[in-house]
Structure formats: C-alpha cells, structure tokens
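The values are calculated or read from the model by the stated rules, or taken from the named source; none is laboratory data. Keep in mind it's a predicted model, so treat the numbers as computed, not measured. Cβ placement follows ideal geometry from the backbone for every residue including glycine, while neighbour counts extend to all protein chains displayed.
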Amino acid sequence: MALYCRKADREKLEMQLEDDNITAAQISPELVTGYKGIYNRVIKRGIDFILALILFIITSPILLIISAMIVADTGFPVFYRADRGGYRQKNFKIFKFRTMIQNADKIGGGTTALNDSRITKSGAFLRKTKLDEFANLISILAGNMSFIGPRPELIRYTSQYEGTERLIHEVRPGITDYSSIEFINLDEIVGGSNADEMYEKLVLPKKNKLRVKYAATVSFGTDCRLFFLTVGKVLEKVVKTVLQKG
C-alpha cells in the first residue's frame, strides 16, 4: 500500500511538473518530501565532504594551473565571488574560477549571453570544459554547497520564492541537478541580447520547477543518476566543441 502511494504521488508530481498552467510555487507541497529524509539531512553532507576533500587534494595541481592561466590572461582576482541564495535561506558567496573580465557583473546583467563579450580567452576554455566549476570544491568543503543540487541562484530571484518554491531552500545548492542538464546550453537559449529578460521569461519558471523536483526526489540513487547524466552531457558538449573547431 505504501509503495502504491509513493508511486501515485510520483505520478501526480510529474503531472504537475509538466503542466504549464501550474507554477513551481503552486506544486502540491505534500508531494515534495524527499528533502525530509536522513540522506538529505545527514548522509549527503558526509559524502560531499569526504569526496570534496579527496578531489581537492588530487586536483590541487590542476587548480594551480588554472589559477596561473587566469592570472596570465587577465590578472587577479582568480576567483569570482558573488552572493547566492543558500541552504535554509542562508546566503553565501560562491567560489568559481573567474571566466569574465574584472567587475563583469557591474558592466552587464547576471545572465551570461550568447557570445558574451565579457568572457575572457581563458574563460571561454574553462566554461566549455566546465573546469571553472572546480573551485566549487571550496564551497562544498565549507558546507555551503553539494555536488548534486539546484544551481546557486541570484538572491534577487531566491528572495521572491513563494509557496512550494521555498522548499528549494531545504536542499543545498549544487554543481548540477535536473535543470543543469536541461539547460546545459543556457547561453544559446537566452541569446545574445536581453539575456536577463529571456532568462526570466524562458528559463527561470521551468528551472524552478526542476529545482522543486530535486527537493522532492533527492536520494542517493537520484544523485548517482544525475552525476552520470551530467558527465555524459559535458563530454558530449566538449566533443562537439572540438569537432566544430576541427
């Protein structure tokens, strides 16, 4: 009986996620329960910390090379730090290798446009290969992020969460989730002009529904699936880029 109910709830959730007339805030909160489990509350954090520590030690030479490449290209700072909405509504500053010119957020919007002129030469390479994400290991070690979870969002958007959207705060922001896979080519979707406007119109509503989906389905199995799906998508994108240049 319990198994039947869980299956029925999953089907109801999928129906609401696919219904364009239902926003993320309007999804039935009783269908979003995954975040309440011990995996999300306790186990996931332990796995994140151990894996991040191991990876940080192993990849430290790569991190130093990336840092040197950025400094040689456009100087300091090496990291891009900006405020994002965090776990249980505690805001934090993200760590990412800087891929844009200095003070880029003061020159343009918060969304990266197609062929954005703010992107540096080294930054273009780091973005294509996703190496800029390696700096997130610092945020994971600090407990502000997870490997798998909703992408950290601008506070001007997270402060507007309503209804069921607020449950997004019950899982740690992460490097990848359902929305990261769905919008892996985000710059192509928002286009070359009015990127913020296009993001808010075409991407954000769907992205928030997928973030709610993660809060509803978070588990070890879900995280493993999302990890391998992400690796596949990134490799596909890298191969496509190499072939286009070749």
From the options R6, R88, residue that is more than 25 Å from L126 (Cα to Cα), in a helix (DSSP H, G or I), of a type in the set (K, R) and in contact with a His (Cβ under 7 Å, 6 or more places away or on another chain):
R88
Unmet requirement for I184, which otherwise passes all of (1) in a helix (DSSP H, G or I); (2) farther than 20 Å from I27 by Cα; (3) within 13 Å of the chain's Cα centre (by Cα):
(1)
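I'm checking my understanding of the structure. Among residues of the range 21-30 that are farther than 10 Å from K209 by Cα and in contact with a helix residue (DSSP H, G or I) (Cβ under 9 Å, 6 or more places away or on another chain), which one is surrounded by the fewest Cβ atoms within 10 Å (Cβ to Cβ)?
Of all residues in the range 21-30, those farther than 10 Å from K209 by Cα come to 21, 28-30.
So of that shortlist, the ones also in contact with a helix residue (DSSP H, G or I) (Cβ under 9 Å, 6 or more places away or on another chain) come out as 28-30.
Numbers: S28: 14, P29: 14, E30: 10.
Residue satisfying both the conditions and the ranking: E30.
Among the residues in the range 38-61, are any among the acidic types (D, E), surrounded by 15 or more Cβ atoms within 10 Å (Cβ to Cβ) and under 23 Å from I94 (Cβ atoms)?
Step one: of the range 38-61, the residues among the acidic types (D, E) are 48.
Imposing the further condition that a residue be surrounded by 15 or more Cβ atoms within 10 Å (Cβ to Cβ) reduces the set to 48.
If we keep only those that are under 23 Å from I94 (Cβ atoms) too, we end up with 48.
For the range 38-61, residues among the acidic types (D, E), surrounded by 15 or more Cβ atoms within 10 Å (Cβ to Cβ) and under 23 Å from I94 (Cβ atoms): present.
Quick one: would you say Q244 is surrounded by fewer than 21 Cβ atoms within 10 Å (Cβ to Cβ), polar (S, T, N, Q), free of Cβ contacts under 8 Å to residues at least 24 places away in the same chain and not in a helix (DSSP H, G or I)?
On the way: surrounded by fewer than 21 Cβ atoms within 10 Å (Cβ to Cβ): yes; polar (S, T, N, Q): yes; free of Cβ contacts under 8 Å to residues at least 24 places away in the same chain: yes; not in a helix (DSSP H, G or I): no.
It is false that Q244 is surrounded by fewer than 21 Cβ atoms within 10 Å (Cβ to Cβ), polar (S, T, N, Q), free of Cβ contacts under 8 Å to residues at least 24 places away in the same chain and not in a helix (DSSP H, G or I).
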Scan of the range 209-235 for residues that are closer than 28 Å to D20 by Cβ, out of contact with any strand residue (DSSP E or B) (no Cβ under 7 Å at 6 or more places or on another chain) and not aliphatic (A, V, I, L, M), ordered by number
K209, R211, K213, Y214, T217, S219, T222, R225, G232, K233
Please name all residue pairs, on different chains or six or more residues apart, with Cβ atoms under 6 Å, provided the first residue is in the range 87-111 and is touching a residue at least 60 places away in the same chain (Cβ under 8 Å) and the second residue is acidic (D, E) and not in a strand (DSSP E or B).
G109/D196; T111/D196
Residue by residue through the range 102-159, note down the ones that are more than 26 Å from F56 (Cβ to Cβ), in a loop (DSSP other than H, G, I, E, B) and of a type in the set (A, V, I, L, M).
A113, L114, L154
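Test of understanding: among F49, F76, F92, which residue is within 22 Å of the chain's Cα centre (by Cα), of a type in the set (F, W, Y) and either modelled with pLDDT under 95 or over 28 Å from Y199 (Cα atoms) (or both)?
Testing whether each residue is within 22 Å of the chain's Cα centre (by Cα), of a type in the set (F, W, Y) and either modelled with pLDDT under 95 or over 28 Å from Y199 (Cα atoms) (or both) leaves just F49.
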